[in-house]
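> If you scroll down you'll find the structure; I have some questions about it.
The values are calculated or read from the model by the stated rules, or taken from the named source; none is laboratory data. Quick caveat, the model's predicted, so the values are computed rather than measured. Cβ placement follows ideal geometry from the backbone for every residue including glycine, while neighbour counts extend to all protein chains displayed.
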Amino acid sequence: AKIQLFPGSKTNVWMFDANLKSGDKTALQKFGESYLGPVIRVKKGQKIRIRFKNQLPEESIVHWHGMHVPEKDDGHPKDVIGNGETYIYEFEIMNRAGTYWFHPHPHGRTGPQVYNGLAGLFIVTDDEEQQLKLPSGEYDVPIVIQDRQFDDNNQLVYLNRGRMDRMNGFLGNRILINGNPDGELSLQSGCVYRLRILNGSNSRFYKLAWEDGSPLVIIGKDGSLLDSPTSKPYVILGVAERMDVWLDLSNKPQGSQMIMKSLSFSPGMMGMMGGMMGRGQNNLPLGSEYQILKIRLDNEGSNRFTLPQKLAVFNKLDPANAINRSNPRKFSFFMRRMQWTINGRTWEMTGVTDEESVKLNTTEIWELVNSGGGMMGGNGDDDEGMMGNRGMMGKRGMMKDGGMMKNMMQMPHPIHLHQVQFNILERDVSAVDSKIWNSVKDGFIDGGWQDTVLLMPGMRMKLIMRFEDFKGLFLYHCHNLEHEDMGMMRNYKIS
Ligand code: C2O
Ligand code: CU
Ligand code: CU
(Lines give C-alpha, C1' and ligand atoms only; values in the text may rest on other atoms or scores of the structure.)
(Ligands and ions follow the chains in the order given, each with its own letter.)
Protein backbone atom coordinates (compact mmCIF):
# COMPACT_ATOMS: atom_id res chain seq x y z
CA ALA A 1 0.00 0.00 0.00
CA LYS A 2 0.99 3.63 -0.31
CA ILE A 3 0.43 5.74 2.78
CA GLN A 4 1.04 9.32 3.76
CA LEU A 5 3.80 9.45 6.36
CA PHE A 6 5.13 12.82 5.22
CA PRO A 7 3.24 15.81 3.88
CA GLY A 8 3.03 15.92 0.11
CA SER A 9 4.25 12.42 -0.73
CA LYS A 10 3.31 8.80 -0.34
CA THR A 11 5.51 6.02 0.99
CA ASN A 12 5.32 2.40 -0.18
CA VAL A 13 4.83 0.02 2.71
CA TRP A 14 3.58 -3.49 3.44
CA MET A 15 0.63 -3.74 5.81
CA PHE A 16 -1.70 -6.11 7.57
CA ASP A 17 -5.07 -5.18 6.16
CA ALA A 18 -7.14 -6.47 9.04
CA ASN A 19 -10.79 -7.17 9.34
CA LEU A 20 -11.19 -7.57 13.07
CA LYS A 21 -13.94 -8.84 15.31
CA SER A 22 -11.93 -8.11 18.43
CA GLY A 23 -9.36 -5.40 18.70
CA ASP A 24 -8.64 -2.14 17.05
CA LYS A 25 -7.45 -1.46 13.57
CA THR A 26 -6.60 2.14 14.31
CA ALA A 27 -5.20 2.02 17.85
CA LEU A 28 -1.71 2.65 16.52
CA GLN A 29 -2.80 5.58 14.42
CA LYS A 30 -3.03 8.33 17.00
CA PHE A 31 -0.01 9.89 15.36
CA GLY A 32 -1.48 9.97 11.91
CA GLU A 33 -1.20 7.42 9.15
CA SER A 34 0.76 4.32 10.05
CA TYR A 35 1.90 1.14 8.38
CA LEU A 36 1.64 -0.79 11.67
CA GLY A 37 -1.21 -2.63 13.18
CA PRO A 38 -3.72 -3.79 13.99
CA VAL A 39 -3.92 -4.20 17.76
CA ILE A 40 -5.59 -7.54 18.41
CA ARG A 41 -7.15 -7.86 21.86
CA VAL A 42 -8.04 -11.23 23.30
CA LYS A 43 -8.79 -12.79 26.66
CA LYS A 44 -7.24 -15.85 28.23
CA GLY A 45 -9.41 -18.89 27.54
CA GLN A 46 -10.81 -17.44 24.32
CA LYS A 47 -10.58 -19.57 21.19
CA ILE A 48 -9.59 -17.68 18.11
CA ARG A 49 -9.33 -18.24 14.38
CA ILE A 50 -7.12 -16.07 12.21
CA ARG A 51 -7.12 -16.32 8.46
CA PHE A 52 -3.85 -15.07 6.97
CA LYS A 53 -4.01 -14.43 3.26
CA ASN A 54 -0.64 -13.69 1.72
CA GLN A 55 -0.83 -10.91 -0.84
CA LEU A 56 2.88 -10.15 -0.77
CA PRO A 57 5.02 -10.83 -3.83
CA GLU A 58 6.95 -13.42 -1.77
CA GLU A 59 6.52 -16.18 0.80
CA SER A 60 5.58 -15.39 4.35
CA ILE A 61 4.08 -16.75 7.56
CA VAL A 62 2.94 -14.91 10.69
CA HIS A 63 4.30 -15.65 14.16
CA TRP A 64 2.53 -14.72 17.42
CA HIS A 65 5.47 -13.60 19.49
CA GLY A 66 5.36 -14.82 23.09
CA MET A 67 2.27 -16.94 22.67
CA HIS A 68 1.99 -20.51 23.93
CA VAL A 69 0.51 -22.24 20.88
CA PRO A 70 0.77 -25.58 19.04
CA GLU A 71 3.53 -25.99 16.46
CA LYS A 72 1.17 -25.53 13.54
CA ASP A 73 0.09 -22.13 14.87
CA ASP A 74 3.55 -20.84 15.76
CA GLY A 75 4.45 -19.44 12.35
CA HIS A 76 7.53 -21.61 11.82
CA PRO A 77 9.49 -20.75 8.64
CA LYS A 78 8.76 -24.23 7.24
CA ASP A 79 5.07 -23.27 7.14
CA VAL A 80 5.45 -20.32 4.77
CA ILE A 81 2.78 -19.81 2.14
CA GLY A 82 3.13 -18.14 -1.24
CA ASN A 83 1.32 -15.26 -2.85
CA GLY A 84 -2.42 -15.87 -2.98
CA GLU A 85 -2.37 -18.69 -0.45
CA THR A 86 -4.16 -18.73 2.89
CA TYR A 87 -3.04 -20.11 6.26
CA ILE A 88 -5.54 -20.67 9.03
CA TYR A 89 -4.56 -20.37 12.66
CA GLU A 90 -6.84 -21.76 15.31
CA PHE A 91 -5.80 -21.78 18.91
CA GLU A 92 -6.89 -21.11 22.45
CA ILE A 93 -5.35 -18.22 24.34
CA MET A 94 -3.41 -19.88 27.17
CA ASN A 95 -1.11 -16.98 28.05
CA ARG A 96 -1.40 -14.67 31.01
CA ALA A 97 -2.37 -11.05 30.57
CA GLY A 98 0.49 -9.30 28.83
CA THR A 99 1.65 -7.36 25.81
CA TYR A 100 2.55 -9.68 22.94
CA TRP A 101 2.99 -8.95 19.27
CA PHE A 102 3.04 -10.51 15.82
CA HIS A 103 5.24 -10.29 12.79
CA PRO A 104 6.28 -12.40 9.78
CA HIS A 105 8.79 -15.21 10.24
CA PRO A 106 9.95 -16.56 6.85
CA HIS A 107 13.57 -17.62 6.90
CA GLY A 108 15.93 -15.01 5.47
CA ARG A 109 13.22 -12.39 4.92
CA THR A 110 11.95 -11.53 8.39
CA GLY A 111 14.12 -8.39 8.54
CA PRO A 112 12.88 -6.82 5.31
CA GLN A 113 9.25 -7.85 5.85
CA VAL A 114 9.07 -6.34 9.33
CA TYR A 115 11.00 -3.33 8.08
CA ASN A 116 8.51 -2.75 5.28
CA GLY A 117 5.78 -2.45 7.89
CA LEU A 118 4.54 -5.87 8.97
CA ALA A 119 4.02 -5.92 12.73
CA GLY A 120 1.18 -5.44 15.17
CA LEU A 121 0.30 -5.88 18.82
CA PHE A 122 -1.45 -8.85 20.38
CA ILE A 123 -2.77 -7.88 23.78
CA VAL A 124 -4.01 -10.50 26.21
CA THR A 125 -6.09 -9.83 29.28
CA ASP A 126 -7.37 -12.21 31.95
CA ASP A 127 -9.64 -12.17 35.00
CA GLU A 128 -6.79 -11.46 37.38
CA GLU A 129 -5.78 -8.37 35.45
CA GLN A 130 -9.32 -7.13 35.06
CA GLN A 131 -9.79 -7.12 38.81
CA LEU A 132 -6.91 -4.68 39.14
CA LYS A 133 -8.82 -2.02 37.23
CA LEU A 134 -5.75 -0.77 35.38
CA PRO A 135 -6.13 2.08 32.88
CA SER A 136 -8.14 0.81 29.91
CA GLY A 137 -9.73 2.12 26.76
CA GLU A 138 -8.18 5.41 25.70
CA TYR A 139 -5.93 5.28 28.78
CA ASP A 140 -4.23 2.10 27.59
CA VAL A 141 -1.82 3.40 24.97
CA PRO A 142 0.34 1.28 22.66
CA ILE A 143 3.75 2.72 21.78
CA VAL A 144 5.84 0.89 19.19
CA ILE A 145 9.37 2.22 18.78
CA GLN A 146 11.22 1.58 15.50
CA ASP A 147 14.02 3.18 13.54
CA ARG A 148 13.80 3.70 9.82
CA GLN A 149 15.59 5.49 7.04
CA PHE A 150 13.97 7.30 4.12
CA ASP A 151 15.41 8.46 0.82
CA ASP A 152 14.84 11.86 -0.79
CA ASN A 153 11.50 10.65 -2.15
CA ASN A 154 10.38 9.54 1.32
CA GLN A 155 10.70 5.86 0.45
CA LEU A 156 12.01 3.35 2.96
CA VAL A 157 15.68 2.44 2.61
CA TYR A 158 16.86 -0.91 3.93
CA LEU A 159 20.47 -1.98 4.22
CA ASN A 160 22.01 -0.22 1.28
CA ARG A 161 25.40 -0.09 2.92
CA GLY A 162 26.49 -3.63 2.21
CA ARG A 163 27.56 -6.63 4.20
CA MET A 164 28.64 -4.68 7.26
CA ASP A 165 25.04 -3.70 7.76
CA ARG A 166 23.92 -7.29 7.88
CA MET A 167 26.62 -8.27 10.36
CA ASN A 168 25.67 -5.36 12.58
CA GLY A 169 21.98 -5.20 11.89
CA PHE A 170 19.98 -2.36 10.41
CA LEU A 171 20.27 1.02 12.11
CA GLY A 172 18.05 3.77 10.78
CA ASN A 173 18.54 7.49 11.16
CA ARG A 174 15.15 8.44 12.53
CA ILE A 175 12.80 7.14 15.18
CA LEU A 176 9.21 6.30 14.30
CA ILE A 177 6.51 5.89 16.90
CA ASN A 178 3.63 3.62 16.00
CA GLY A 179 4.71 3.63 12.39
CA ASN A 180 4.69 7.38 12.04
CA PRO A 181 7.62 9.81 11.86
CA ASP A 182 5.81 12.45 13.92
CA GLY A 183 6.73 11.27 17.42
CA GLU A 184 4.24 13.47 19.22
CA LEU A 185 1.31 12.15 21.15
CA SER A 186 -1.39 14.16 22.82
CA LEU A 187 -2.60 12.90 26.22
CA GLN A 188 -4.64 14.58 28.96
CA SER A 189 -3.14 16.19 32.02
CA GLY A 190 -4.90 15.06 35.18
CA CYS A 191 -5.04 11.46 33.98
CA VAL A 192 -3.22 8.20 34.52
CA TYR A 193 -2.10 6.00 31.62
CA ARG A 194 -0.77 2.57 30.91
CA LEU A 195 1.81 2.73 28.12
CA ARG A 196 2.57 -0.55 26.41
CA ILE A 197 5.97 -0.07 24.88
CA LEU A 198 7.36 -2.46 22.26
CA ASN A 199 10.82 -2.21 20.77
CA GLY A 200 9.80 -3.22 17.26
CA SER A 201 13.12 -2.22 15.69
CA ASN A 202 15.16 -4.58 13.54
CA SER A 203 18.33 -4.30 15.59
CA ARG A 204 18.42 -1.06 17.57
CA PHE A 205 17.95 -1.13 21.33
CA TYR A 206 17.22 1.73 23.68
CA LYS A 207 18.00 3.11 27.11
CA LEU A 208 14.62 4.66 27.78
CA ALA A 209 14.05 7.36 30.38
CA TRP A 210 11.89 10.40 31.07
CA GLU A 211 13.79 13.55 30.27
CA ASP A 212 12.73 15.28 33.49
CA GLY A 213 14.45 12.60 35.55
CA SER A 214 11.31 11.07 37.02
CA PRO A 215 11.60 7.29 37.27
CA LEU A 216 9.92 4.89 34.87
CA VAL A 217 7.30 2.97 36.82
CA ILE A 218 7.18 -0.52 35.32
CA ILE A 219 4.15 -2.72 35.86
CA GLY A 220 4.68 -5.40 33.21
CA LYS A 221 7.31 -7.03 31.06
CA ASP A 222 6.75 -9.30 28.04
CA GLY A 223 4.31 -12.03 29.08
CA SER A 224 3.06 -10.85 32.46
CA LEU A 225 2.46 -8.07 34.87
CA LEU A 226 5.17 -7.88 37.52
CA ASP A 227 4.24 -8.97 41.02
CA SER A 228 4.52 -5.36 42.12
CA PRO A 229 5.39 -2.07 40.42
CA THR A 230 9.07 -1.27 40.16
CA SER A 231 10.74 2.10 39.59
CA LYS A 232 13.73 2.39 37.27
CA PRO A 233 15.89 5.39 36.41
CA TYR A 234 15.93 3.98 32.86
CA VAL A 235 15.15 0.71 31.09
CA ILE A 236 17.26 -1.07 28.50
CA LEU A 237 14.72 -2.35 26.00
CA GLY A 238 16.18 -4.89 23.59
CA VAL A 239 14.65 -5.77 20.23
CA ALA A 240 11.25 -7.47 20.62
CA GLU A 241 11.03 -6.76 24.35
CA ARG A 242 7.95 -5.09 25.81
CA MET A 243 7.40 -3.13 28.99
CA ASP A 244 4.23 -1.75 30.49
CA VAL A 245 4.71 1.67 32.05
CA TRP A 246 2.50 3.47 34.55
CA LEU A 247 2.33 7.16 33.65
CA ASP A 248 0.72 9.45 36.20
CA LEU A 249 -0.07 12.85 34.73
CA SER A 250 -2.41 13.88 37.53
CA ASN A 251 -0.08 16.60 38.78
CA LYS A 252 1.11 17.80 35.39
CA PRO A 253 -0.27 21.14 34.27
CA GLN A 254 -2.17 21.43 31.05
CA GLY A 255 0.13 22.74 28.33
CA SER A 256 3.23 21.00 29.69
CA GLN A 257 4.93 18.05 28.08
CA MET A 258 6.71 14.82 28.91
CA ILE A 259 9.64 13.71 26.79
CA MET A 260 10.98 10.19 26.59
CA LYS A 261 14.58 9.88 25.51
CA SER A 262 17.09 7.22 24.81
CA LEU A 263 20.08 8.06 27.01
CA SER A 264 23.67 7.51 26.01
CA PHE A 265 25.38 4.24 26.80
CA SER A 266 28.34 2.20 25.69
CA PRO A 267 27.15 -0.47 23.26
CA GLY A 268 30.44 -2.21 22.48
CA MET A 269 31.38 -2.97 18.92
CA MET A 270 28.04 -2.36 17.32
CA GLY A 271 28.05 1.16 18.62
CA MET A 272 31.50 1.73 17.22
CA MET A 273 30.28 0.59 13.84
CA GLY A 274 27.15 2.66 14.17
CA GLY A 275 29.38 5.58 15.03
CA MET A 276 31.55 5.06 11.97
CA MET A 277 28.55 4.82 9.74
CA GLY A 278 27.42 7.96 11.46
CA ARG A 279 29.35 10.40 9.37
CA GLY A 280 26.99 11.74 6.79
CA GLN A 281 24.77 8.67 6.87
CA ASN A 282 23.52 8.01 10.34
CA ASN A 283 22.88 10.81 12.78
CA LEU A 284 21.61 8.37 15.40
CA PRO A 285 24.59 6.21 16.33
CA LEU A 286 23.66 3.41 18.70
CA GLY A 287 24.30 4.55 22.26
CA SER A 288 23.98 8.25 21.53
CA GLU A 289 21.34 10.38 23.24
CA TYR A 290 18.22 11.29 21.28
CA GLN A 291 14.52 11.94 21.68
CA ILE A 292 12.07 9.06 21.35
CA LEU A 293 8.70 10.57 22.01
CA LYS A 294 7.06 13.84 23.01
CA ILE A 295 3.81 13.70 24.96
CA ARG A 296 1.91 16.98 24.79
CA LEU A 297 -0.68 17.65 27.46
CA ASP A 298 -2.98 19.78 25.35
CA ASN A 299 -6.15 19.05 27.24
CA GLU A 300 -7.15 18.47 30.79
CA GLY A 301 -9.15 15.52 31.99
CA SER A 302 -9.48 13.28 34.97
CA ASN A 303 -9.71 9.59 35.60
CA ARG A 304 -9.52 7.49 38.71
CA PHE A 305 -7.02 4.73 38.32
CA THR A 306 -4.76 4.00 41.27
CA LEU A 307 -1.56 2.05 41.08
CA PRO A 308 -2.07 -1.30 42.85
CA GLN A 309 0.80 -2.24 45.14
CA LYS A 310 0.25 -5.88 44.26
CA LEU A 311 -0.17 -6.74 40.61
CA ALA A 312 0.07 -10.35 39.48
CA VAL A 313 0.29 -13.44 41.62
CA PHE A 314 2.49 -16.20 40.32
CA ASN A 315 4.81 -18.85 41.54
CA LYS A 316 8.09 -18.66 39.78
CA LEU A 317 9.59 -21.91 38.62
CA ASP A 318 11.74 -23.52 41.29
CA PRO A 319 15.30 -24.44 40.21
CA ALA A 320 15.10 -27.44 42.53
CA ASN A 321 12.54 -28.90 40.11
CA ALA A 322 14.68 -28.50 37.01
CA ILE A 323 15.79 -31.86 35.64
CA ASN A 324 19.15 -30.40 34.58
CA ARG A 325 19.78 -28.21 37.63
CA SER A 326 23.30 -29.54 38.12
CA ASN A 327 24.16 -29.27 34.44
CA PRO A 328 22.18 -26.57 32.62
CA ARG A 329 21.84 -26.72 28.87
CA LYS A 330 24.32 -24.22 27.48
CA PHE A 331 23.88 -22.08 24.38
CA SER A 332 26.76 -19.93 23.30
CA PHE A 333 26.27 -17.07 20.84
CA PHE A 334 29.31 -16.13 18.80
CA MET A 335 30.69 -15.53 15.36
CA ARG A 336 32.34 -18.26 13.38
CA ARG A 337 33.64 -17.98 9.83
CA MET A 338 31.88 -14.65 9.30
CA GLN A 339 28.59 -16.17 10.47
CA TRP A 340 26.68 -15.53 13.66
CA THR A 341 26.09 -18.90 15.27
CA ILE A 342 24.53 -20.65 18.24
CA ASN A 343 26.95 -23.23 19.62
CA GLY A 344 28.71 -22.96 16.27
CA ARG A 345 25.62 -23.89 14.26
CA THR A 346 23.46 -21.90 11.91
CA TRP A 347 19.93 -22.30 10.64
CA GLU A 348 18.54 -25.56 9.28
CA MET A 349 14.87 -25.63 8.35
CA THR A 350 13.98 -28.78 10.28
CA GLY A 351 17.35 -29.75 11.68
CA VAL A 352 17.60 -30.30 15.41
CA THR A 353 20.36 -31.88 17.52
CA ASP A 354 20.32 -33.79 20.81
CA GLU A 355 21.52 -30.60 22.48
CA GLU A 356 18.27 -29.05 21.33
CA SER A 357 15.87 -31.84 22.30
CA VAL A 358 13.78 -31.53 25.42
CA LYS A 359 10.98 -33.54 27.00
CA LEU A 360 7.39 -32.50 27.46
CA ASN A 361 6.37 -31.84 31.06
CA THR A 362 9.87 -31.06 32.27
CA THR A 363 11.41 -27.96 33.77
CA GLU A 364 14.86 -26.97 32.57
CA ILE A 365 17.53 -24.35 33.13
CA TRP A 366 19.17 -22.89 30.05
CA GLU A 367 22.36 -20.93 30.23
CA LEU A 368 22.86 -18.35 27.49
CA VAL A 369 26.35 -17.01 26.91
CA ASN A 370 27.41 -14.16 24.69
CA SER A 371 30.93 -15.30 24.01
CA GLY A 372 31.99 -12.99 21.29
CA GLY A 373 33.14 -12.85 17.74
CA GLY A 374 33.01 -9.95 15.39
CA MET A 375 33.80 -8.40 12.09
CA MET A 376 37.23 -9.93 11.83
CA GLY A 377 35.96 -13.46 11.42
CA GLY A 378 37.97 -15.90 13.47
CA ASN A 379 37.92 -19.65 13.42
CA GLY A 380 36.04 -20.16 16.66
CA ASP A 381 36.27 -23.91 16.63
CA ASP A 382 35.73 -24.07 20.35
CA ASP A 383 32.63 -22.86 22.05
CA GLU A 384 34.20 -19.61 23.03
CA GLY A 385 34.50 -18.58 19.42
CA MET A 386 37.31 -16.30 18.51
CA MET A 387 37.76 -15.30 22.13
CA GLY A 388 38.69 -18.82 23.14
CA ASN A 389 42.01 -20.55 23.37
CA ARG A 390 42.28 -21.15 19.69
CA GLY A 391 40.55 -18.01 18.52
CA MET A 392 42.27 -14.89 17.31
CA MET A 393 42.14 -13.35 20.73
CA GLY A 394 43.04 -16.46 22.67
CA LYS A 395 46.25 -18.00 23.85
CA ARG A 396 47.48 -18.62 20.34
CA GLY A 397 45.82 -15.59 18.87
CA MET A 398 46.89 -12.03 18.25
CA MET A 399 46.28 -10.74 21.72
CA LYS A 400 46.31 -12.63 24.95
CA ASP A 401 44.25 -10.09 26.75
CA GLY A 402 41.43 -9.00 24.52
CA GLY A 403 41.03 -5.56 26.06
CA MET A 404 39.65 -2.87 23.84
CA MET A 405 39.74 -5.01 20.70
CA LYS A 406 37.70 -7.68 22.38
CA ASN A 407 34.97 -5.27 23.33
CA MET A 408 34.86 -3.83 19.85
CA MET A 409 34.29 -7.23 18.39
CA GLN A 410 31.39 -8.35 20.50
CA MET A 411 27.78 -7.47 19.97
CA PRO A 412 24.66 -7.61 22.10
CA HIS A 413 22.18 -10.30 21.05
CA PRO A 414 18.48 -10.15 22.00
CA ILE A 415 17.69 -13.84 22.55
CA HIS A 416 14.14 -15.08 22.16
CA LEU A 417 12.55 -18.47 22.82
CA HIS A 418 9.33 -19.48 21.14
CA GLN A 419 6.59 -21.38 22.91
CA VAL A 420 7.60 -20.66 26.53
CA GLN A 421 7.71 -17.77 28.92
CA PHE A 422 10.64 -18.11 31.31
CA ASN A 423 11.92 -16.62 34.57
CA ILE A 424 15.38 -15.13 34.82
CA LEU A 425 17.43 -16.88 37.51
CA GLU A 426 20.79 -15.25 37.15
CA ARG A 427 22.60 -12.57 35.21
CA ASP A 428 26.37 -13.06 35.46
CA VAL A 429 28.18 -9.94 34.33
CA SER A 430 31.68 -10.78 35.52
CA ALA A 431 32.93 -10.99 31.93
CA VAL A 432 31.12 -7.86 30.74
CA ASP A 433 33.40 -4.90 30.11
CA SER A 434 32.89 -2.50 33.01
CA LYS A 435 32.42 0.51 30.75
CA ILE A 436 29.54 -1.23 28.97
CA TRP A 437 28.05 -2.62 32.16
CA ASN A 438 28.18 0.62 34.12
CA SER A 439 26.28 2.36 31.36
CA VAL A 440 23.35 -0.08 31.36
CA LYS A 441 23.32 -1.87 34.71
CA ASP A 442 20.24 -0.28 36.27
CA GLY A 443 18.11 -0.90 33.21
CA PHE A 444 17.10 -4.57 33.38
CA ILE A 445 13.78 -5.93 34.58
CA ASP A 446 14.30 -9.45 35.82
CA GLY A 447 10.92 -10.22 37.38
CA GLY A 448 7.85 -11.78 35.85
CA TRP A 449 7.54 -13.98 32.78
CA GLN A 450 9.57 -13.08 29.76
CA ASP A 451 10.33 -14.38 26.31
CA THR A 452 13.23 -12.19 25.13
CA VAL A 453 16.42 -11.07 26.92
CA LEU A 454 19.19 -8.80 25.79
CA LEU A 455 22.48 -10.64 26.20
CA MET A 456 25.17 -7.98 26.42
CA PRO A 457 28.71 -8.83 25.28
CA GLY A 458 30.28 -11.21 27.79
CA MET A 459 27.04 -11.75 29.68
CA ARG A 460 25.84 -15.13 30.93
CA MET A 461 22.23 -15.62 31.89
CA LYS A 462 20.39 -18.52 33.43
CA LEU A 463 16.74 -18.93 32.53
CA ILE A 464 14.25 -21.44 33.85
CA MET A 465 11.32 -22.69 31.80
CA ARG A 466 8.80 -25.48 31.64
CA PHE A 467 7.74 -27.34 28.49
CA GLU A 468 4.06 -28.06 28.59
CA ASP A 469 1.02 -28.95 26.48
CA PHE A 470 2.52 -29.09 23.00
CA LYS A 471 5.13 -31.29 21.39
CA GLY A 472 6.85 -30.16 18.25
CA LEU A 473 9.52 -28.06 16.64
CA PHE A 474 9.93 -24.51 17.95
CA LEU A 475 12.49 -21.80 17.45
CA TYR A 476 15.05 -20.05 19.56
CA HIS A 477 17.04 -17.27 18.01
CA CYS A 478 18.67 -13.89 18.09
CA HIS A 479 15.95 -11.28 17.49
CA ASN A 480 18.33 -8.85 15.84
CA LEU A 481 16.43 -9.49 12.61
CA GLU A 482 19.50 -9.28 10.41
CA HIS A 483 21.28 -11.83 12.60
CA GLU A 484 18.20 -14.02 12.51
CA ASP A 485 18.00 -13.82 8.73
CA MET A 486 21.70 -14.68 8.48
CA GLY A 487 21.02 -17.87 10.38
CA MET A 488 21.43 -17.07 14.08
CA MET A 489 18.34 -19.18 14.66
CA ARG A 490 17.82 -22.85 15.48
CA ASN A 491 15.05 -25.31 16.23
CA TYR A 492 14.48 -26.99 19.51
CA LYS A 493 12.25 -30.00 19.76
CA ILE A 494 9.78 -30.92 22.47
CA SER A 495 8.95 -34.63 22.47
CU1 C2O B 1 9.42 -12.25 17.44
CU2 C2O B 1 10.85 -15.86 16.42
O3 C2O B 1 10.14 -14.09 16.92
CU1 CU C 1 8.49 -15.39 18.99
CU1 CU D 1 22.44 -11.31 17.35
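> Scan (1) surrounded by fewer than 21 Cβ atoms within 10 Å (Cβ to Cβ); (2) of a type in the set (G, A, S); (3) in contact with a strand residue (DSSP E or B) (Cβ under 7 Å, 6 or more places away or on another chain) for the single condition S332 breaks and write down its number.
(1)
> Determine the pairs where a residue that is outside the structural domain of Y100 (by TED's automatic domain parsing) and within 16 Å of E241 (Cα to Cα), located within segment 411-440, has a partner that is β-branched (V, I, T) and away from ligand 3 (no atom under 16 Å from the Cβ) with Cβ atoms under 7 Å apart, the partner being 6 or more residues away or on another chain.
Once the first residue is outside the structural domain of Y100 (by TED's automatic domain parsing) and within 16 Å of E241 (Cα to Cα) and sits in segment 411-440, its partners that are β-branched (V, I, T) and away from ligand 3 (no atom under 16 Å from the Cβ) give F422/I464; N423/I464.
> Would you pick out the residues in segment 480-495 that are more than 26 Å from K359 (Cβ to Cβ) and not aliphatic (A, V, I, L, M)? Let's see the steps before the verdict.
Our first condition is that a residue be more than 26 Å from K359 (Cβ to Cβ); within segment 480-495, this holds for 480-487.
Answer for segment 480-495, where residues must be more than 26 Å from K359 (Cβ to Cβ) and not aliphatic (A, V, I, L, M): N480, E482, H483, E484, D485, G487.
> Here is a further query. Which residue pairs have Cβ atoms under 7 Å apart, sit 6 or more places apart or on different chains, and have a first residue in segment 77-96 that is at pLDDT 95 or above and a second that is polar (S, T, N, Q) and surrounded by fewer than 19 Cβ atoms within 10 Å (Cβ to Cβ)?
K78/T350; N83/Q55; I93/Q46
> Can you tell me how many residues in segment 421-457 are in contact with a helix residue (DSSP H, G or I) (Cβ under 8 Å, 6 or more places away or on another chain) and not charged (D, E, K, R)? Explain how you work it out, then say what you get.
Narrowing segment 421-457 to residues in contact with a helix residue (DSSP H, G or I) (Cβ under 8 Å, 6 or more places away or on another chain): 425, 429, 433, 435-436, 456-457.
Those still in the list that are not charged (D, E, K, R) too: 425, 429, 436, 456-457.
Residues meeting the conditions: 5.
> For segment 169-211: of the residues being free of Cβ contacts under 8 Å to residues at least 60 places away in the same chain and touching a helix residue (DSSP H, G or I) at 6+ places or on another chain (Cβ under 9 Å), which is surrounded by the fewest Cβ atoms within 10 Å (Cβ to Cβ)?
Per the stated criteria, the residue is Y193.
> Which condition breaks for M94 when tested against (1) closer than 25 Å to E129 by Cα; (2) outside any loop (DSSP other than H, G, I, E, B)?
(2)
> Next up: So, I40, is that one aliphatic (A, V, I, L, M) and closer than 17 Å to N19 by Cα or not?
On the way: aliphatic (A, V, I, L, M): yes; closer than 17 Å to N19 by Cα: yes.
Taking the combined requirement at face value, the residue satisfies it.
> Could you list all residues from segment 337-349 that are exposed (fewer than 13 other Cβ atoms within 10 Å of the Cβ) and away from ligand 1 (no atom under 16 Å from the Cβ)?
The answer is none; no residue qualifies.
> Return only the number of the condition from (1) modelled with pLDDT under 95; (2) in a loop (DSSP other than H, G, I, E, B) that N407 does not satisfy.
The failed condition is (2).
> Sort through S250, S231, S214 and tell me the only one that's in contact (Cβ under 8 Å) with a residue 24 or more places away in the chain and not assigned by TED's automatic domain parsing to the domain that holds E482.
Sole residue among the options that is in contact (Cβ under 8 Å) with a residue 24 or more places away in the chain and not assigned by TED's automatic domain parsing to the domain that holds E482: S250.
> Residues H103, H107: which one is part of a strand (DSSP E or B), at pLDDT 95 or above and assigned by TED's automatic domain parsing to the domain that holds I61? Don't jump to the end; show me each part of the working.
Numbers: H107 fails: part of a strand (DSSP E or B).
Just a single option satisfies the conditions, and that option is H103.
> Moving on. Filtering segment 230-246 down to residues that are more than 16 Å from ligand 3 (Cβ to nearest atom) and in a loop (DSSP other than H, G, I, E, B), which residue is surrounded by the fewest Cβ atoms within 10 Å (Cβ to Cβ)?
Of everything passing the filter in segment 230-246, P233 is surrounded by the fewest Cβ atoms within 10 Å (Cβ to Cβ).
> In addition: Would you check which residues across segment 70-114 are within 16 Å of ligand 3 (Cβ to nearest atom), farther than 18 Å from D451 by Cβ and buried (at least 21 other Cβ atoms within 10 Å of the Cβ) and list them?
Within segment 70-114, G111 is the sole residue that qualifies.
> Regarding segment 247-261, can at least one residue be identified that is assigned to a loop (DSSP other than H, G, I, E, B), under 22 Å from the mean Cα position of the chain (by Cα) and either polar (S, T, N, Q) or buried (at least 23 other Cβ atoms within 10 Å of the Cβ) (or both)? Steps first, answer last, please.
At the first step, the residues of segment 247-261 found to be assigned to a loop (DSSP other than H, G, I, E, B) are 249-256.
Subsequent filtering for residues that are under 22 Å from the mean Cα position of the chain (by Cα) retains none.
No: zero hits.
> Go through segment 332-369 and give me each residue that's modelled with pLDDT under 95 and touching a Ser or Thr at 6+ places or on another chain (Cβ under 6 Å).
The answer is F334, Q339.
> Could we say that S214 is more than 16 Å from the chain's Cα centre (by Cα) and either surrounded by fewer than 21 Cβ atoms within 10 Å (Cβ to Cβ) or modelled with pLDDT of 90 or more (or both) here? I'd like the intermediate steps shown before the answer.
Working: more than 16 Å from the chain's Cα centre (by Cα): yes; either surrounded by fewer than 21 Cβ atoms within 10 Å (Cβ to Cβ) or modelled with pLDDT of 90 or more (or both): yes.
Here the answer is yes, as S214 does meet what is asked.
> While we're looking at this one, here's another question. From L121, L171, L187, grab the single residue that is of a type in the set (A, V, I, L, M), closer than 29 Å to E289 by Cβ and within 16 Å of ligand 3 (Cβ to nearest atom).
L171
> Among the numbered criteria (1) away from ligand 2 (no atom under 16 Å from the Cβ); (2) of a type in the set (F, W, Y); (3) over 17 Å from Q410 (Cβ atoms), which one does W347 miss?
W347 satisfies all of (1) away from ligand 2 (no atom under 16 Å from the Cβ); (2) of a type in the set (F, W, Y); (3) over 17 Å from Q410 (Cβ atoms) except (1).
> If you don't mind, another one. Among the residues of segment 24-52 satisfying the criterion of being at positive phi and modelled with pLDDT under 95, which is surrounded by the fewest Cβ atoms within 10 Å (Cβ to Cβ)?
G32
> Okay, next question. Tally the residues that are charged (D, E, K, R) and surrounded by fewer than 19 Cβ atoms within 10 Å (Cβ to Cβ), restricting the search to segment 465-487.
Start the filter on segment 465-487 by keeping residues that are charged (D, E, K, R), which leaves 466, 468-469, 471, 482, 484-485.
Checking the rest, the ones that are also surrounded by fewer than 19 Cβ atoms within 10 Å (Cβ to Cβ) come to 466, 468-469, 471.
The total comes to 4.
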